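A.B. asks: Got a structure for you, questions after.
Just so it is clear, none of the values below were taken in a lab; they were calculated from the coordinates. Everything numeric in this text was worked out from a predicted model, so none of it was measured. Glycine gets a Cβ as well: all are built from the backbone with ideal geometry, and neighbour counts include every protein chain shown.
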Amino acid sequence: MKPESPLPPLDEAQRYSIAEAERYLRLSHDSVYQRIRDGRLRVIEDGGRRYIPGSEIARLSRLPP
């Protein structure tokens, strides 16, 4: 398996794909979608694609586990 490159610093004004959000949050695909379904993680839908605002990633990463 190919090692993943290091993540650039999080930009709270940017929007990120689900896969990028998974890497920043260090959560599995299922865990991210569960948080979306539960309303704990806000998404932006654009042209049928879902994005996670950087501000949401920062907010969720500051919460206790």
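A.B. asks: Per DSSP helix of 4 or more residues, -39500 (n - 2.57); summed, then divided by the residues of the chain. What does that give at 222 nm, rounded to the nearest 500?
C.D. replies: Counting only the DSSP helices, I get -11500 deg cm²/dmol.
A.B. asks: What share of Cα pairs, in percent, lie more than 13 angstrom apart in the stretch 15-62?
C.D. replies: Value for the stretch 15-62: 50 percent of Cα pairs lie more than 13 Å apart.
A.B. asks: Sticking with this structure for a sec: Between TYR24, GLY39, ALA13, whose Cα lies farthest towards the positive end of the dipole of the chain when Lys and Arg beta carbons carry +1 and Asp and Glu beta carbons carry -1, centred on the Cα centre?
C.D. replies: Most positive-ward Cα: GLY39.
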